[in-house]
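This report refers to the structure that appears directly beneath it.
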Ligand SMILES: [Zn+2]
């Protein structure tokens, strides 16, 4: 049997022997809800009890590093250097999860205890992100066990705060820039475009959250006594919102539109399937006119009102309310000047006579947008290897529609970023019943085993 076949056989056996499921079960059993952790150090057991045995087997020397931001969870970094002549691959993963939501799962499923129902593995973190980085670590291990070397150097960076905005990751990458120096990031998070086709994405959209507030006076005033002579904040806010997008969601502020939807990006997006999800119909007439749904999702910006409030809708009273508030968000791709988003909004509101609408922005940019160019040599190499193994074209998207701390790698470490997701859109990440199909996990493990094998093969 050829050596590569032995490595693949080894990966297959991880499923038939139950080893993969047992290991994933032990990771899921460590509760790592970063939002509700009592102390940042509660989360460290994911490194010491969860990942340490595989990292030891991989010969990766690790260090737990305090977060540069006070009370934020520590990082795990590590490396295995085979030779300074070889290329170095950086692996990233996050061990934290969103809250368990334990009472909301299907009957008989406990989010802390892995359970297989209808060939699907349920548990909090299975898709986001424990299952995904476990695949990569075990694929590396299959290669190492068979070839006795990887054929490249590997460095790792794990965090336990991704679900709360990756506090300190940007600073850590700056402080440990030399330590983390690598040629490429290969990591896995987020969903594939289609469940059975390998996907590569090169970055992520960013997000800016802000509040719009109108406050005229203290307390509500009887609408019978005052209606007609007092400004209504709800009416004013609605009108202000109506000039940010039109009634079908296309953005009306010029500086909010990206300049990055090039022919090359369009060409890549054209070859993707048009159906975004089997379970949710998209609204064809929503968003920027003239763009395909993939262009709207992966190549354009979108504005959302996340919450809207004036008065108490459950206990309404006949009164003119004193204030109104909207929590808003702009998701944006690279090619948008993020630092000008709020300024442009201010100018736009002022021009239209909405000086009374206040924009409140604390930490306005939640996530920066970033991505690696489509003409990158690592993409070419990896796409080729994945395609050969899969036997057909894979899906390549310029960036994920959601957000990831990708800019820490592109902007601080200055390396290309190749994301290979091992999940699918219906996995219920961030919701009850998070799961992945066993077949998807098994296929992804073989895909990654073959990828790492080939990346190290000529060395
Ligand atoms: Zn997540």
Quick test for you: out of 119, 159, 82, pick the one residue that is within 16 Å of the ligand (Cβ to nearest atom), touching a residue at least 40 places away in the same chain (Cβ under 8 Å) and in contact with a strand residue (DSSP E or B) (Cβ under 8 Å, 6 or more places away or on another chain).
159
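It is to be established whether one or more residues within region 296-315 are in contact with a strand residue (DSSP E or B) (Cβ under 8 Å, 6 or more places away or on another chain), more than 27 Å from residue 235 (Cα to Cα), assigned by TED's automatic domain parsing to the domain that holds residue 223 and surrounded by 11 or more Cβ atoms within 10 Å (Cβ to Cβ). I'd like the intermediate steps shown before the answer.
In the first step, residues of region 296-315 are kept if they are in contact with a strand residue (DSSP E or B) (Cβ under 8 Å, 6 or more places away or on another chain); the result is 296, 298, 301-311.
Retained after the next criterion (residues that are more than 27 Å from residue 235 (Cα to Cα)): 296, 298.
Add one more test, that the residue is assigned by TED's automatic domain parsing to the domain that holds residue 223, and what stays is 296, 298.
Checking the rest, the ones that are also surrounded by 11 or more Cβ atoms within 10 Å (Cβ to Cβ) come to 296, 298.
Yes; the residues of region 296-315 include at least one that is in contact with a strand residue (DSSP E or B) (Cβ under 8 Å, 6 or more places away or on another chain), more than 27 Å from residue 235 (Cα to Cα), assigned by TED's automatic domain parsing to the domain that holds residue 223 and surrounded by 11 or more Cβ atoms within 10 Å (Cβ to Cβ).
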Considering (1) away from the ligand (no atom under 16 Å from the Cβ); (2) part of a loop (DSSP other than H, G, I, E, B); (3) over 24 Å from residue 62 (Cα atoms), say which one residue 149 fails and leave the rest.
(3)
Which condition does residue 51 not pass, out of (1) assigned to a helix (DSSP H, G or I); (2) touching a helix residue (DSSP H, G or I) at 6+ places or on another chain (Cβ under 7 Å), if it passes all the others?
(2)
Test: residue 131 is surrounded by 24 or more Cβ atoms within 10 Å (Cβ to Cβ), under 16 Å from the mean Cα position of the chain (by Cα) and within 16 Å of the ligand (Cβ to nearest atom)
yes
Can you find a residue that is under 24 Å from residue 423 (Cα atoms), in the same structural domain as residue 165 (by TED's automatic domain parsing), crowded, with 17+ Cβ neighbours inside 10 Å and within 16 Å of the ligand (Cβ to nearest atom) anywhere in region 45-54?
yes
Could you pull out every one of the strands (runs of 3 or more DSSP E) wholly within region 367-459 that has 2 or more residues that are closer than 30 Å to residue 106 by Cβ and outside the structural domain of residue 165 (by TED's automatic domain parsing)?
none
Residue count, region 15-34 (criterion: closer than 30 Å to residue 166 by Cβ, in contact (Cβ under 8 Å) with a residue 40 or more places away in the chain and assigned to a helix (DSSP H, G or I))
8
Of everything in region 166-217, what is assigned to a helix (DSSP H, G or I) and within 16 Å of the ligand (Cβ to nearest atom)? Give them in sequence order.
169
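Report whether or not residue 426 is within 16 Å of the ligand (Cβ to nearest atom) and more than 24 Å from residue 172 (Cβ to Cβ). Before you say what the answer is, go through the steps one by one.
On the way: within 16 Å of the ligand (Cβ to nearest atom): yes; more than 24 Å from residue 172 (Cβ to Cβ): yes.
In short, yes.
Every residue, every condition in (1) under 15 Å from residue 303 (Cβ atoms); (2) touching a helix residue (DSSP H, G or I) at 6+ places or on another chain (Cβ under 8 Å); (3) surrounded by 15 or more Cβ atoms within 10 Å (Cβ to Cβ), yes or no:
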position	(1), (2), (3)
202	no, yes, yes
212	yes, yes, yes
218	no, no, no
221	no, no, yes
229	no, no, no
232	no, no, yes
236	no, no, yes
239	no, no, no
243	yes, yes, yes
For the structure I just gave you, tell me whether residue 114 is farther than 24 Å from residue 413 by Cβ and assigned by TED's automatic domain parsing to the domain that holds residue 405.
yes
Could you grab me the full set of residues in region 106-128 that are out of contact with any helix residue (DSSP H, G or I) (no Cβ under 7 Å at 6 or more places or on another chain), assigned to a loop (DSSP other than H, G, I, E, B) and surrounded by 21 or more Cβ atoms within 10 Å (Cβ to Cβ)?
128
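Out of curiosity, is residue 89 farther than 25 Å from residue 433 by Cβ, buried (at least 23 other Cβ atoms within 10 Å of the Cβ) and away from the ligand (no atom under 16 Å from the Cβ)?
On the way: farther than 25 Å from residue 433 by Cβ: yes; buried (at least 23 other Cβ atoms within 10 Å of the Cβ): yes; away from the ligand (no atom under 16 Å from the Cβ): yes.
So residue 89 passes the test.
Within region 408-417, track down each residue that is surrounded by fewer than 23 Cβ atoms within 10 Å (Cβ to Cβ) and either within 15 Å of the ligand (Cβ to nearest atom) or touching a residue at least 24 places away in the same chain (Cβ under 8 Å) (or both).
As a first pass, look at region 408-417 and keep what is surrounded by fewer than 23 Cβ atoms within 10 Å (Cβ to Cβ): 410-416.
If the condition is that a residue be surrounded by fewer than 23 Cβ atoms within 10 Å (Cβ to Cβ) and either within 15 Å of the ligand (Cβ to nearest atom) or touching a residue at least 24 places away in the same chain (Cβ under 8 Å) (or both), then 410, 411, 412, 413, 415, 416 are the ones that fit.
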Count, please, the residues in region 245-261 that happen to be in contact with a helix residue (DSSP H, G or I) (Cβ under 7 Å, 6 or more places away or on another chain), surrounded by 18 or more Cβ atoms within 10 Å (Cβ to Cβ) and not in a loop (DSSP other than H, G, I, E, B).
1
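The values are calculated or read from the model by the stated rules, or taken from the named source; none is laboratory data. Only a predicted model underlies this, so the values are computations on that prediction, with no experimental measurement involved. Here Cβ is always computed from backbone atoms with ideal geometry, including for glycine, and neighbour counts include all displayed protein chains.
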